[in-house]
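Structure first, then comments.
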Amino acid sequence: KQEVTQIPAALSVPEGENLVLNCSFTDSAIYNLQWFRQDPGKGLTSLLLIQSSQREQTSGRLNASLDKSSGRSTLYIAASQPGDSATYLCAPENQGGKLIFGQGTELSVKP
Amino acid sequence: DAGVIQSPRHEVTEMGQEVTLRCKPISGHNSLFWYRQTMMRGLELLIYFNNNVPIDDSGMPEDRFSAKMPNASFSTLKIQPSEPRDSAVYFCASSSRRTNEKLFFGSGTQLSVL
């Protein structure tokens, strides 16, 4: 059974800092891994998808890496802004199409 | 495309009543997921479908919960009878595994069972 852990659970930083959010998963036989953002009271938005054969994906100030063999992924946010404040969740997908989510990291970026 | 559409946005009902949540996935997507989110347990996968066929319903908490997908453009999640512990936000999401696309979520249904 896939278990997903995200560290830290919460993070508060001043604007402009570079951040690293961590995700670990117990079953490395994954098809891909996605990072999502959730704003309070809203649904989730997929930010990045890394296929199992890839090492990283980049979108603007976001960079996600994947080390499948060790069961780890990181989300790097460069030059953080108050608008980045949200909860960030990772979700590995298995070969059968099942996505399991971590509990998320609640990020607060102070102006 | 309008995205994944869920209805109703909010549902308040009394214990013992039947509740039906509805979802319209993005056109062309062949995978559909139902998730439940609470503060205590986070985001839990209840059931998912590929090509309208249920693949894994191991997350459905009890026989009170049932889900159907009669065609590629519509799915329902039914709770009968409802209980206060079912109160949560229920999300529907869809994707296209054929093209390894991202998962797209609806806005969710906030369910309160009194």
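Hey, among A:L99, A:L89, which residue is in contact with an Asp or Glu (Cβ under 6 Å, 6 or more places away or on another chain), in contact (Cβ under 8 Å) with a residue 60 or more places away in the chain and closer than 16 Å to A:E3 by Cα? Even if it seems obvious, please write down each step before you answer.
Numbers: A:L89 fails: in contact with an Asp or Glu (Cβ under 6 Å, 6 or more places away or on another chain).
Just one listed residue meets the conditions, A:L99.
Looking only at residues in region A:83-104 that are polar (S, T, N, Q) and within 12 Å of chain B (Cβ to nearest Cβ), the one that is surrounded by the most Cβ atoms within 10 Å (Cβ to Cβ) is A:T87.
Residues are listed down the side, and each one gets a yes or a no for (1) farther than 23 Å from B:Y35 by Cα; (2) out of contact with any Ser or Thr (no Cβ under 8 Å at 6 or more places or on another chain):
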site: A:R37; (1), (2): no, no
site: A:L47; (1), (2): no, no
site: A:T58; (1), (2): yes, yes
site: A:A64; (1), (2): yes, no
site: A:I77; (1), (2): yes, yes
site: A:Q81; (1), (2): yes, yes
site: A:Y88; (1), (2): no, no
site: A:N94; (1), (2): no, yes
site: A:G104; (1), (2): no, no
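Mind telling me which of the residues A:S53, A:S59, A:S80 ends up being polar (S, T, N, Q), more than 9 Å from chain B (Cβ to nearest Cβ) and open to solvent by less than 50 Å² (accessible area, probe 1.4 Å)? Spell out the reasoning first.
On the way: A:S53 fails: open to solvent by less than 50 Å² (accessible area, probe 1.4 Å); A:S59 fails: open to solvent by less than 50 Å² (accessible area, probe 1.4 Å).
Among A:S53, A:S59, A:S80, only A:S80 is polar (S, T, N, Q), more than 9 Å from chain B (Cβ to nearest Cβ) and open to solvent by less than 50 Å² (accessible area, probe 1.4 Å).
Number of residues in region A:21-49 that are at the interface with another protein chain (Cβ under 9 Å from one of its Cβ atoms), assigned to a strand (DSSP E or B) and open to solvent by less than 50 Å² (accessible area, probe 1.4 Å) equals 9.
Can you find a residue that is closer than 21 Å to A:R55 by Cβ, at pLDDT below 95, within 13 Å of chain B (Cβ to nearest Cβ) and open to solvent by less than 50 Å² (accessible area, probe 1.4 Å) anywhere in region A:5-20? Within region A:5-20, not a single residue is closer than 21 Å to A:R55 by Cβ, at pLDDT below 95, within 13 Å of chain B (Cβ to nearest Cβ) and open to solvent by less than 50 Å² (accessible area, probe 1.4 Å). In a residue-by-residue description of region B:102-111, the property of being closer than 13 Å to B:Q17 by Cα and outside any loop (DSSP other than H, G, I, E, B) applies to at least one position.
Given A:G102, A:G71, which one is on the phi > 0 side of the Ramachandran plot and not hydroxyl-bearing (S, T, Y)? Step through it out loud before you land on a result.
Details: A:G102 fails: on the phi > 0 side of the Ramachandran plot.
Residue meeting the stated conditions: A:G71.
The strands (runs of 3 or more DSSP E) found wholly in region B:30-92 and carrying at least 3 residues that are within 20 Å of A:P40 (Cα to Cα) and within 14 Å of chain A (Cβ to nearest Cβ) occupy B:31-38, B:42-50.
The values are calculated or read from the model by the stated rules, or taken from the named source; none is laboratory data. In this text, all values refer to a predicted model and were calculated from it rather than measured experimentally. Ideal geometry is used to build each Cβ from the backbone, glycine not excepted, and the neighbour counts take in all protein chains shown. To get the accessible areas, we keep the full protein, side chains included, count just its heavy atoms, and leave off ligands, DNA and RNA. Shrake-Rupley method; radii C 1.70, N 1.55, O 1.52, S 1.80 Å.
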